[in-house]
Amino acid sequence: MGFRQDHLLGIEPLAPDEIGEILDLADDYVALSRSADKHSEALRGLTQINMFFENSTRTQASFELAGKRLGADVMNMGMSTSSVKKGETLIDTAMTLNAMQPDLLVVRHPQSGAVDLLSQKVNCAVLNAGDGRHEHPTQALLDALTIRRKKGRLHRLSIAICGDIAHSRVARSNIILLGKMENRVRLVGPPTLMPAGMADLGCEVYEDMAQGLQDVDVVMMLRLQKERMDGGFIPSEREYYHLYGLDAEKLSHAKEDAIVMHPGPMNRGVEIDGTLADDINRSVIQEQVEMGVAVRMAAMDLLARNLKTRRAAA
Amino acid sequence: MSATTLTNLRLIDPETGTETTGGLTLKDGVITARHDGAGDGIDCGGLCLAPGIVDIGVKVCEPGERHKESFGSAGQAAAAGGVTTMVTCPDTSPTIDNPETLEFVARRAREASPVRVLPMAALTKGRAGTEMTEIGFLMDAGAVAFTDGDHVVTSAKVLSRALTYARSRGALVVGHVQEPVLSDGACATSGKFASLRGLPAVSPMAERMGIDRDIALLEMTGARYHVDQITTARALPALERAKGNGLDITAGVSIHHLTLNELDVANYRTFFKVKPPLRHEDDRKAVVEAVASGLIDIICSMHTPQDEESKRLPYEAAASGAVGLQTLLPAAMRLFHSGDLTLPQLFRALSLNPAKRLGLPQGRLAVGAPADLVLFDPDAPFIMDRFKLLSKSKNTPFDEARMQGRVRATWVAGNQVFGAPL
C-alpha cells in the first residue's frame, strides 16, 4: 500500500499502515542521528520553508534540524514579524511563498484549519506543525515512536492523557492516533478543561487522577496552556497542581513500569513535579525530543518521495 | 390591464392546506378568479403554483457594501428564487436607524428591485444596544419591523424599554436569541465534531437562555415579538409555553438549519459558517418537526452575502452567513422530497405566515389576494453551480449539490418578473 499522502495535515487522514510506515522509517533515522555521520541525501536539492505564525523554539528547531540532516535547503520565516502584520492574508502569503518554488512547507498557525486552507493553494507538500486547537501530527507521531520503542508495541496499551485537553492540539492528535492503533485512551482533567463529546470518540473520561491513572502503561501530561486561558478555567495554579499535577504519589496508581511523557515545554510545579520529570527511570521526556527529529525526517522523506512521483507523472 | 388566465396548475394553497388541480385568473395585480383549470388560457403543464415567498431577514448590503449585494442583484436573485417580498435587514453601513436612511433605502429598492422590498429598521441606534431608535418616525417612513439583526441587546433594561415603547406603537420587534456572553467567540456548536476540529464552540443552551430571557421580557411588556431563528431542540419547549400562555410571539428558522448540520462543515468549509452555527442532526430533526407542527411559524433564507475575500480565511476568522434567496425554494424541496413536510405546509411557513405576521395581504391564493405568485417544478433536478447565482456574492453552501425543484416563473402584482414568457 505504502504512504499515500500529499500532505501531513493531521493524524485523522492517516491509515494505521501509514502510521506504521512513518514510524518504521523513523527508527532508521534514529540510528542515523546517533551515528557519527548524521547526514543523508534524501532531500538533496529540495527547499524546505518553515513558516511559524506562532512562536516556537523547539518544534521549529526540530524541523530545521530534520531538514538539514536530510540535505534540504532550509529557510525559517518568523511570520509574526513579517508582512502578516501589515495585513496580508494567509492566502496571499501562501501564494507569495509558493512562487519561490518550495518543496516542503512546514506551517504552524494559531487558528484551527489554517494549515488545511493553505495546503489547498500551494503545489508543494505541506506539514502541519500545529494549527490552533486542531492537530499537531508530528507530536503524536513522535509520542507513538517513543511509546513503541519503550513498550515494544503500540497496541493494546492503556494510556492516560492528563490536563488541559480543551486547548491542546497535542491531545487531539494523540487521541486519534492511539485510537487508530487500538489502544485504550483515558482522558483525565478538570471538567472545565475537557472538551465536549470526548466519550463519543471512544475515550474514557476521568476527573480524578488516582482513578484515571489506575493501571495505565503510559502517563502523558499536557502543558497547562496559560497563554490560551482567557480566564477562569481553574481556580489557581496551586490548586491545579494539588489535584492534577503529576507527582510520585499520583503516579503510584499507574503500572509499576509506566512511563511519563510531556510534549514540553514543561511548567515544573504546575502540571508535573520537577523531580519526577528528571527521573530517568520513569520520564522519557528527553527521548521524546530525540524521536521528534527522527519522526520529522521520516515524514518529510515520505512526503518528498510522493511529491517527486507526482511531479514526474505530471 | 388585460386579464391573464393560467390553466392546468397544481395549486398549493397554504391557507386551506390543500393541493388541488385548477387555474387562476389575474387582473390589475390581484387574483380575480379561481377555476377548475380546464378551458382557455396559458397551459402550465401541471406545474405547481404557490403564493410568492415572503422572506424575512434578507441582507442587502446597500448602503455601504454594494460590491457584495445591491437592491438590483438581490432583487434579481429573489425573483429567480420565487421570493416576491424581501424584508430587509438594517445591518448596513451606516445602520438603518433613522428615517432619512430608511427613505434612501426605500427609494433605491423601488428603483432597482423587481420584487417588493419592505425594510426593517434597527431597534437601537447603531445597533449598539444602548438607545432606542425613533420607532414612530421609522414606522411612518415604512419600517415594517425593528431588529438589531444578530446583535443581541444585552441590557435587559434597554430591551424592556424598547419593547414597551414598540408595543405602544404596535411595532413588531425581531430578536436574535442567544446568550451573548456564553456564545462570545464561538463559531461551532459544542460537541464531538467541534472538539475534533478544535473550533471554539458554544453550547446549544445559549439559545435557550436567550429565548427564556426574551420571553420574560415579553410577559413584562406585552410587545409583539418574532424570533429570527430557533435552531435547537432545547429552545422549543420554551417557545411552546410562551405561545400557550398567549404571548404575541412567533419564530422562524433559516433553510440552512433545516437542511444542513454541523458535519457539513467537514474540513473547515467556510461557506457553511452561519450564525448561529449549524447544529447537531438531532436538533435539525427537531426543528423540522416544529415547522411541520406549526410551532415554528416561518422559514427564511437568512440571505447574507459575503465576498470571496471574507470567506477565504481560516474558519474562525471567516465571515458568517450564506446567500439564500435563490436556493431557498430548491432547498425547501429537500424537505418535501424527504417526506418531512407537504407543499402546503412549506408554503405556510414560506409565504402565508410571514405575510400574516407583517399584516400583509400576500401569501394566499384567494380571490382578491395580490397576484404575487411562483410557478415551479418540484421535481426538476439540477446540480447547483454557485457562479450562476444572480447575487453578487456566491457564498452558497449548496455549491455542487444535487437539488430538485426549479422556479419556472415569478409574478409580482400580476407582472411576470422571472421566467420565460408563458
Placing each pseudo-label 7 Å from Cα in the direction of the beta carbon, B:ALA33 and B:ARG169 end up separated by a distance in nanometres of 4.5 nm
Expressed as a whole number, the average count of other chain Cβ atoms within 10 Å around the Cβ atoms of B:307-316 is 5
For A:LYS121, counting only aspartates and glutamates whose alpha-carbon sits under 12 Å away and dropping same-chain residues fewer than eight positions off, the answer is A:ASP92
The alpha-carbon center of the range B:367-422 and that of the range A:148-221 are separated, in whole Å, by 51 Å
D (µm²/s, integer) via Stokes-Einstein for the range A:182-314, Kirkwood Rh across alpha-carbon pairs, 25 °C, 0.890 mPa s: value 145 µm²/s
Debye calc, one equal point scatterer per Cα of the range A:183-261, no solvent, log10 I(q)/I(0) at q = 0.12, 0.15, 0.26 1/Å comes to -0.35, -0.55, -1.38
In whole angstrom, the spacing between the Cα centers of the range B:144-180 and the range B:276-300 equals 23 Å
Restricting to aspartates and glutamates and to Cα separations under 17 Å from A:LYS308, and discarding same-chain partners fewer than 8 apart, the set is A:ASP6, A:GLU41, A:ASP73, A:ASP103
Ranked by GNM mean-square fluctuation in chain B (Cα springs under 10 Å), the top entry among B:THR250, B:THR20, B:THR270 is B:THR20
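Between B:SER338 and B:LYS388, how high is the FRET efficiency from 1/(1 + (r/R0)^6) when r is the Cβ-Cβ distance and R₀ = 25 Å? Nearest 0.05. Walk me through the numbers before you get to the answer.
On the way: r = 25 Å, r/R0 = 0.99.
Here the calculated transfer efficiency is 0.50.
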HN-Hα couplings for the range A:270-285 via Karplus (6.51, -1.76, 1.60; θ = phi - 60°), in whole Hz with x for Gly/Pro, come out as 10, 10, 8, 6, x, 5, 5, 4, 8, 6, 5, 7, 10, 7, 10, 4
Low-density loop GluC sites (Glu not before Pro), the range A:1-56, at most 10 other Cβ within 10 Å, DSSP non-H/G/I/E/B, are A:GLU41
Counting only residues 5 or more apart in sequence or on a different chain, those whose built amide H sits under 5 Å from that of A:ASN50 are A:MET75, A:ASN76, A:MET77, A:VAL106
The FRET efficiency for A:GLU204 and A:THR89, from their Cβ-Cβ distance with R0 = 41 Å and rounded to 0.05, is 0.45
For the pair B:SER93 and B:VAL367, the simple spin-label estimate (label points 7 Å beyond Cα toward Cβ) gives in nm 5.3 nm
Mean other chain Cβ within 10 Å across B:197-204 is 5
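Which whole-number percent is the relative contact order of chain B (Cα, under 8 Å, 6+ apart)? All intermediate terms of the calculation are to be shown ahead of the outcome.
Details: 1051 pairs, mean separation 84.0, N = 422.
Normalised by residue count, the contact order of chain B is 20 percent.
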Mean per-residue count of partner chain Cβ within 10 Å for A:104-112 equals 3
Distance in Å, no decimals, from the C-alpha centre of the range A:35-74 to the one of the range A:230-278 is 32 Å
Kirkwood Rh for chain A from C-alpha pairs, in Å, is 19.9 Å
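Could you tell me what % of all Cα pairs in the range A:52-136 have separations over 14 Å?
Numbers: 2259 of 3570 pairs.
Cα-Cα pairs in the range A:52-136 separated by more than 14 Å: 63 percent.
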For B:117-124, A:214-221, A:258-265, ranked highest to lowest by mean beta-carbon neighbours within 10 Å, the order is B:117-124, A:214-221, A:258-265
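Take each of the peptides B:411-421, B:369-379, A:43-53, average the number of other beta-carbon atoms within 10 Å over its residues, and list them starting from the highest.
Values: B:411-421: 17.7, B:369-379: 22.7, A:43-53: 20.6.
Ranked from most to least packed, the peptides come out as B:369-379, A:43-53, B:411-421.
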Cα-Cα longer than 22 Å, checked against B:LYS27/B:LYS388; B:LYS275/B:LYS394; B:LYS275/B:LYS388; B:LYS27/B:LYS392, kept in input order, equals B:LYS27/B:LYS388; B:LYS275/B:LYS388; B:LYS27/B:LYS392
Ordered by number, the GluC sites (Glu not before Pro) in the range B:86-195 that occupy a DSSP loop and have at most 16 other Cβ atoms within 10 Å are B:GLU131, B:GLU134
With Cα springs under 10 Å, the Gaussian network model of chain A assigns the largest mean-square fluctuation among A:ASP247, A:ASP301, A:ASP131 to A:ASP247
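Before rounding to the nearest 500, sum -39500 (n - 2.57) across all DSSP H runs of length at least 4 in the protein assembly as shown and divide by the residue total; then give [θ] at 222 nm in deg cm²/dmol. Could you put the intermediate results ahead of the total?
Numbers: 24 runs with 241 residues, N = 736.
Roughly -9500 deg cm²/dmol at 222 nm, from the helical runs in the protein assembly as shown.
Taking both sides together, what accessible area is buried at the B/A interface, probe 1.4 Å, expressed in Å² and rounded to the nearest 100?
Details: alone 15990 and 13560 Å², together 27940 Å².
Accessible area lost upon association: around 1600 Å².
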Interchain or sequence-distant (5+) residues whose placed amide H lies within less than 5 Å of the amide H of B:THR18 are B:ASP13
Taking only the Cα positions of chain B, the convex hull volume per residue in Å³ is 126 Å³
Full extension between B:GLN404 and B:ALA128 adds, at 0.36 nm per residue less the Cα distance, a length in nm of 95.2 nm
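When the chain is fully extended, how far beyond the present Cα-Cα distance does A:LYS255 get from A:ARG238, taking 0.36 nm per residue of separation?
Details: separation 17, 0.36 × 17 = 6.12 nm, distance 2.64 nm.
My answer for the length gained is 3.5 nm.
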Taking a straight Cα-to-Cα line shorter than 27 Å from A:LYS151, and setting aside same-chain lysines fewer than 8 residues away, one finds A:LYS38, A:LYS180, A:LYS250, A:LYS255
For A:ASP73, placing the label point 7 angstrom along Cα-to-beta-carbon and taking the range A:91-114, residues whose amide nitrogen sits under 13 Å are A:100-104
Here P(r) for the protein assembly as shown, Cα-Cα distances in 10 Å bins, as whole percents, is 3, 14, 20, 20, 16, 13, 9, 4, 1, 0
Rounded to one decimal in nm, the spacing of the 7 Å Cα→Cβ label points at A:ASP247 and B:LEU263 is 4.6 nm
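The values are calculated or read from the model by the stated rules, or taken from the named source; none is laboratory data. Every value quoted in this text rests on a predicted model; they were computed, and no experiment measured them. Using ideal geometry, Cβ is built from the backbone for each residue, glycine included, and neighbour counts are taken over all protein chains shown. Just so you know, the surface numbers come from the protein's heavy atoms only, side chains and all, with ligands and any DNA or RNA stripped out. Shrake-Rupley method; radii C 1.70, N 1.55, O 1.52, S 1.80 Å.
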